[in-house]
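The values are calculated or read from the model by the stated rules, or taken from the named source; none is laboratory data. On a predicted model such as this, the values are computed, not experimentally measured, just so you know. When we count neighbours, we look across all protein chains shown, and the Cβ atoms used for this are built from the backbone with ideal geometry, even at glycine. Accessible surface is based on the protein model in full, side chains and every heavy atom, while ligands, DNA and RNA are left aside. Shrake-Rupley method; radii C 1.70, N 1.55, O 1.52, S 1.80 Å.
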Amino acid sequence: MLEALWTALVALFVTVDPLGLVPIFVALTPGLGEAERAALARRAVLLASLVLLLFALAGEAVLAWLGIGMPAFRVAGGLFLFLLALEMVFERRGQRRSGSAEGLADDRRGGDLAVFPIGIPLIAGPAAITTTILVADRLGGTVAGRAAVLAAVLATMALTWAALLVAGRLARAMGPTLIGVASRLLGLLLGALAAQYVLDGLAQVFRG
């Protein structure tokens, strides 16, 4: 149980990258006080949690309804996450997320930033949803494994919420250099996880 929980938590934490969200969250919320930022972070994380929990419970059923087999999704999802890992290692993901988020926020002035773009797609984006489905498929064969996946989603969201609550102070304390280093290290871990998902998918294809 603990091993499954740790595996799922690492995969989700690396994909969501709460530290990488900190400077983007600060840039999207200029002029807001700590209480307003805290309320915004709470709503965004709550929405993202609901989305990821939904895919953890029903993601495989949705894929089956679409006629997509899990081996194919493992290979495609692993390749997608590997490209994302390359972006993180070469510090391109943060720039892309920041530029996309600011552009989307400008297009939706007056809307709720907690819903879009912070909750979706910055926290519960394609990478996080893909990882959730892959982890749920890999570990969800037992009740303990399924519980570990759900616990990992909630723990990752709790860490993300904590990071956003102190985003201003965290951004000043770490600075762009340390955040970039942390993102690169997480990118290396994500690359290894992505390769494992691809290998698992190919192994299942050859066995079948």
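Worth a mention:
- Solvent-accessible area, 1.4 Å probe, carbon plus sulfur percent, for segment 1-96: 72
- All alpha carbon pair distances within segment 103-208 were sorted into 10 Å bins beginning at 0; the resulting P(r) in whole percents reads 12, 30, 36, 17, 5, 0.
- Accessible heavy-atom area order of E36, E87, E3, highest first, probe of 1.4 Å: E3, E36, E87
- Stretching the chain fully between V62 and L154 yields a gain of 31.0 nm (0.36 nm per residue, less the alpha carbon separation).
- Portion, in percent, of the accessible area of segment 160-208 that falls on carbon or sulfur, probe 1.4 Å: 71
- (i) 42.3, 134; (ii) 17.0, 52; (iii) 17.0, 57, with the label sought being that of the calculated Rg and Dmax of the Cα atoms in Å: (iii)
- Where the chain is the region considered: accessible area per residue in Å², 1.4 Å probe: 50
- Karplus (6.51, -1.76, 1.60) ³J(HN,Hα), θ = phi - 60°, over segment 70-75, in Hz, Gly and Pro reported as x: 5, x, 5, 5, 4, 5
- Pairwise centroid distance, computed over Cα atoms, of segment 1-27 with segment 116-159, Å: 10
- Ordering of 192-204, 55-67 by burial proxy (mean other Cβ atoms within 10 Å per residue, highest first): 192-204, 55-67
- Cβ-derived FRET efficiency at R0 22 Å, A38 paired with A147, nearest 0.05: 0.15
- Segment 166-184 and segment 189-207 have Cα centres spaced 31 Å apart.
- V205/L185 FRET efficiency (R0 41 Å; Cβ-Cβ; nearest 0.05): 0.85
- Rounded to 10°, Cα long-axis angle of helix 2-16 versus longest principal axis of the chain: 50
- Tilt relative to the chain, helix 143-165 - C-alpha long axis, 0 to 90 degrees, to 10: 20
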